[in-house]
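Peer 1: Let me begin by handing over the structure; questions about it come next.
The values are calculated or read from the model by the stated rules, or taken from the named source; none is laboratory data. This one's a predicted model, so the numbers in the text were calculated from it and none came from an experiment. Cβ atoms come from the backbone with ideal geometry, glycine included; neighbour counts cover every protein chain shown. The protein model used for the area step is the full one, side chains on, heavy atoms only, and it has no ligands, DNA or RNA in it. Shrake-Rupley method; radii C 1.70, N 1.55, O 1.52, S 1.80 Å.
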Amino acid sequence: MSAVPSPASREPFPLPPQPVSGEVLREKYARGTEATAHDVRLRVARALAAVEAPDARARWEARFLDAQERGFIPAGRIDSAAGTELAATLINCFVQPVGDSVTGIVDGRPGIYTALAEAAETLRRGGGVGYDFSAIRPEGAWVKGTDSRASGPVSYMRVFDRSCETVGSAGSRRGAQMGVLRCDHPDIERFIHAKDDGSLSSFNLSVAVTDAFMGAVEADGEVELVHRASPSDGVKQPGAHQRDDGLWAYRKVRARALWEQVMRSTYDHAEPGILFVDRINRDNNLAYCERIEATNPCGEQPLPAYGSCCLGSLDLTRFVRSPFETRCAFDFQAFGEVVDVSVRMLDNVLDVTPWPLAAQQREAQAKRRVGLGFTGLGDALLMLRLRYDTEAARAMASRIAERLRDRAYAASVELARERGAFPLFDAAGYLAAGNFASRLPDKLKGDIRRDGIRNSHLLSIAPAGTISIAFADNVSNGIEPAFSWAYTRRRRLPDGSLRDCAVKDHAYRLYRAMHGEASALPEWFVAALDISAESQLAMVAAVAPYIDASISKTVNVPAGYPFTDFEGLYLAAWQAGVKGIATYRPNPVTGVVLRGP
């Protein structure tokens with residue numbers, strides 16, 4: 001690793017903080033007497049350095065603090081709980097299995113109420129949880145040993161929803177959940193419409209879409225709705241017949257008709273989203289030892305049963321030199337130096353964090369997933385005089401993502417040399433043709449074959465909402481463009497009440513400070529609602545090839561966006577090779593979180 005640069009090489013924020021940044025910092029992240037971002041960063045650096053060798057801790061604490069001061073922002077759970085006495089996890093993301101029984105373990109999955117207890121403990125410790133409910137038999141199916149029939153996955157999702165509302169989360173954040181159902185589950189139509197009435201407020205919903213289903217949509221063919229009953233059931237399901245592969249086939253439906261139901265629901269109230277689940281599994285570095293069926297609540301982490309991921313984001317605006325000037329440039333060297341240290345910090349999180357469940361700890365230690373990404377892309381492009389919806393902007397974003405990938409993987413190889421590869425590492429499986437790792441540069445692949453790699457996955461672009469406000473002067477979130485130059489954000493306070501806060505975009509504030517309040521904004525200053533849905537999707541497609549997990553991106557469309565164009569957007573996402581897509585169109589069901597001036 002390169003040496004820590006001298007203070008003269010850094011460019012700190014030249015702006016006084018806006019009030020909302022301090023409010024969010026104190027409410028969500030500061031502990032005890034902490035009052036500034038530096039105070040929080042120092043606590044986090046010290047906590048994560050604790051796993052280093054005793055004679056190296058002071059050095060690594062200084063390096064960890066320096067990385068944060070230069071632009072690395074650990075995820076919210078790390079910032080809020082590392083080095084404190086909170087019994088909270090430092091991990092944002094979890095996926096947990098749910099089986100087709102009431103309690104106990106069936107086919108390797110915990111029964112519904114066993115899974116509910118596990119979820120409650122994870123939520124209580126501050127983690128968000130995703131679940132695939134596809135193992136639960138459909139509504140009306142027989143329940144062995146009783147005269148009753150099953151109520152179906154959606155009914156049990158409502159139980160999980162109420163539990164999430166009831167269980168208090170460690171720290172000051174609401175519980176978050178993701179509910180996933182396969183596109184060929186017999187109850188898929190009930191799932192699609194589960195939030196039509198505004199219920200299931202603690203859930204995001206996504207349909208796990210297969211290649212076969214998308215092929216049927218394109219060919220206007222039929223799909224069969226099926227369910228795999230437990231082998232112990234041994235009874236005929238009403239209205240179904242058992243196939244040779246053990247699946248109970250219920251009925252066939254026209255794929256395009258089902259697809260249109262998904263599209264209409266999403267158009268009307270922004271859910272469900274879409275996960276291209278076969279593509280997710282094909283691209284997975286660990287396809288040789290795991291199957292992915294769900295993601296975390298925001299979709300940036302496809303994970304196996306009991307999988308988790310510790311996250312962190314690099315504020316890209318901190319690496320723009322001479323912003324807005326004709327000589328502006330992105331400092332790839334400084335960026336790479338911070339990436340190196342950030343990977344080590346996230347690897348250390350896995351050994352520092354309290355784990356809600358022993359199964360989560362076993363899974364994490366076997367694979368050592370981390371998710372390093374970036375935030376502030378939209379603002380960084382503005383500072384580089386690049387309009388978000390241009391090919392030049394997409395090319396720059398691709399270059400940044402590629403450098404992130406290469407430095408992160410190289411840093412993890414270096415960690416493997418020092419600490420050993422993750423326990424389930426198998427070079428042949430890890431570099432198998434067709435997955436993400438197989439597309440790494442040849443030198444990196446050679447290093448991995450020879451020395452292994454410390455972390456199975458390294459890259460994820462999360463929403464990074466409140467950390468971008470608290471630690472980065474409200475840079476544009478994640479991969480998103482700026483929402484608006486000045487707007488009102490509705491915040492939920494710890495007592496559950498709502499408060500409207502005035503917020504300004506960082507790049508806008510910086511431009512005004514440099515050029516005056518009366519100066520006209522340059523033509524490259526475009527916000528989210530100035531950018532077409534197609535251009536937003538194109539940005540995801542430009543970055544996605546360099547991200548081994550996934551990207552949380554909501555494609556915003558105006559209220560009057562034609563339905564046919566909206567439906568075409570999802571088909572374009574499939575054709576572009578992304579792993580999933582979520583959209584937001586203003587509607588009366590979901591309400592408004594951000595409002596322009």
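Peer 1: What's the ranking of 364-372, 293-301, 133-141 by average number of surrounding C-beta atoms within 10 Å, highest first? Mind dumping the intermediate values first?
Peer 2: Values: 364-372: 24.4, 293-301: 28.0, 133-141: 22.6.
Ranking the peptides 364-372, 293-301, 133-141 by packing returns 293-301, 364-372, 133-141.
Peer 1: With charges only on Cβ, +1 for K and R and -1 for D and E, what is the dipole size of the chain about its Cα centre, in debye, rounded to 20?
Peer 2: Numbers: 71 positive and 73 negative charges, 173 e Å.
With Lys and Arg at +1 and Asp and Glu at -1, about 820 debye.
Peer 1: Taking a temperature of 10 °C and a viscosity of 1.306 mPa s, what whole-number D in µm²/s does Stokes-Einstein yield for the stretch 17-114 with Rh from Kirkwood over alpha carbon pairs? Intermediate results must be reported in sequence, preceding the final value.
Peer 2: Working: Rh = 15.8 Å.
Diffusion coefficient, whole number: 100 µm²/s.
Peer 1: With N denoting the number of residues in the stretch 320-420, provide Rg(C-alpha) divided by 2.2 N^0.38 Å, to two decimal places.
Peer 2: Details: Rg = 17.1 Å, N = 101, 2.2 N^0.38 = 12.7 Å.
Here the answer is 1.35, to two decimals.
Peer 1: How high is the relative contact order of the stretch 88-205? Use alpha-carbon pairs under 8 Å, at least six apart in sequence, and give a whole percent.
Peer 2: Values: 204 pairs, mean separation 28.7, N = 118.
24 percent.
Peer 1: Using a cut-off of 12 Å between beta-carbons, work out the net charge of the residues near Ala115 (Lys and Arg +1, Asp and Glu -1, Ala115 not included).
Peer 2: Working: positive: Arg109; negative: Asp100, Glu118, Glu121, Asp132.
Residues near Ala115 contribute -3 overall.
Peer 1: On a 1.4 Å probe surface of the protein chains, which of Val349, Val159, Val253 comes out largest in accessible area, and what is the full order?
Peer 2: Val159, Val253, Val349
Peer 1: Separate question: Give me the number: length gained by fully extending Arg399 to Arg291, i.e. 0.36 nm times residue separation minus the C-alpha to C-alpha distance, one decimal in nm. Could the numbers behind the result be given before it?
Peer 2: On the way: separation 108, 0.36 × 108 = 38.88 nm, distance 3.05 nm.
This chain segment gains 35.8 nm when fully extended.
Peer 1: Oh, and also: Which of the peptides 419-429, 571-581, 493-503, 453-463 is most tightly packed, and how do the rest follow, going by the mean number of other Cβ atoms within 10 Å of each residue? List each step's numbers first, then the result.
Peer 2: On the way: 419-429: 15.8, 571-581: 18.4, 493-503: 10.9, 453-463: 27.3.
Order by mean packing, descending: 453-463, 571-581, 419-429, 493-503.
Peer 1: Select from Pro494, Leu529, His506 the residue farthest towards the positive end of the dipole of the stretch 488-540; place +1 on Cβ of Lys and Arg, -1 on Cβ of Asp and Glu, and compute about the Cα centre.
Peer 2: Final value for the positive-end residue is Pro494.
Peer 1: What does the helix-only formula give at 222 nm for the chain: each DSSP H stretch with n ≥ 4 adding -39500 (n - 2.57), the total divided by the residues, and the result rounded to the nearest 500 deg cm²/dmol?
Peer 2: On the way: 20 runs with 225 residues, N = 597.
That calculation yields -11500 deg cm²/dmol at 222 nm.
Peer 1: Another question about this same structure. Based on Cβ point charges of +1 for Lys and Arg and -1 for Asp and Glu, what charge dipole magnitude is obtained for the stretch 100-172 about its Cα centre, in debye rounded to the nearest 20? Could the numbers behind the result be given before it?
Peer 2: Working: 8 positive and 9 negative charges, 15 e Å.
With only Lys, Arg, Asp and Glu charged at Cβ, the dipole is about 80 debye.
Peer 1: Mind listing which GluC sites (Glu not before Pro) in the stretch 486-591 are in a DSSP loop and have 13 or fewer other Cβ atoms within 10 Å? Intermediate values should be presented prior to the final figure.
Peer 2: Working: sites: Glu517, Glu523, Glu534, Glu567; in loops: Glu517, Glu523.
Passing sites in the stretch 486-591 are Glu517, Glu523.
Peer 1: What value in Å³ per residue do you get for the convex hull of the alpha-carbon atoms in the chain? Let's see the in-between values first.
Peer 2: On the way: hull volume 91.1 nm³, N = 597.
Residue-normalised Cα hull volume stands at 153 Å³.
Peer 1: To the nearest 10 degrees, how steep is helix 57-69 against the longest Cα principal axis of the chain, on a 0 to 90 scale?
Peer 2: Tilt relative to the chain: about 90 degrees.
Peer 1: Ok, one more. Counting only heavy atoms of protein chains, what accessible area per residue, in Å², does the chain have with a probe of 1.4 Å? Let's see the in-between values first.
Peer 2: Working: 22350 Å² over 597 residues.
Averaged over the residues of the chain, the accessible area is 37 Å².
Peer 1: Then there is this: Please report the net charge: other residues with Cβ closer than 9 Å to the Cβ of Glu337, K and R +1, D and E -1.
Peer 2: Spelling it out: positives minus negatives among the neighbours equals +1.
Peer 1: For the stretch 404-560, state what percent of all Cα-Cα pairs lands in each successive 5 Å bin, counting from 0 Å until the bin that includes the largest distance.
Peer 2: Pairs per bin, as whole percents: 1, 8, 13, 14, 13, 12, 11, 10, 8, 7, 2, 1, 0.
Peer 1: Can you put Thr317, Thr84 in order of accessible area, largest first, using a 1.4 Å probe? Before the final figure, lay out each step's value.
Peer 2: Working: Thr317 10, Thr84 40 Å².
Descending accessible area places them as Thr84, Thr317.
Peer 1: Okay, next question. Among 184-191, 442-449, how do they line up from the highest to the lowest mean number of other beta-carbon atoms within 10 Å?
Peer 2: Values: 184-191: 23.1, 442-449: 15.0.
By packing density, highest mean first, the sequence is 184-191, 442-449.
Peer 1: Follow-up. State the percentage of accessible surface on the chain attributable to carbon and sulfur atoms; use a 1.4 Å probe and exclude ligands, DNA and RNA.
Peer 2: Details: 11710 of 22350 Å².
Carbon-and-sulfur percentage of accessible area, whole number: 52.
Peer 1: Using the alpha-carbon centroid of each, what span in Å lies between the stretch 257-311 and the stretch 70-129?
Peer 2: Measuring centre to centre over Cα atoms gives 18 Å.
Peer 1: Return the percentage of antiparallel bridges among DSSP beta bridges fully within the chain, rounded to the nearest 5 %. Provide the component values of the computation, followed by the final result.
Peer 2: Numbers: 31 of 59 bridges.
Beta bridges within the chain, antiparallel portion: roughly 55 percent.
Peer 1: Using just the alpha carbons, could you tell me how many Å³ per residue the convex hull of the stretch 270-359 encloses? Before the final figure, lay out each step's value.
Peer 2: On the way: hull volume 16.5 nm³, N = 90.
So the per-residue Cα hull volume is 183 Å³.
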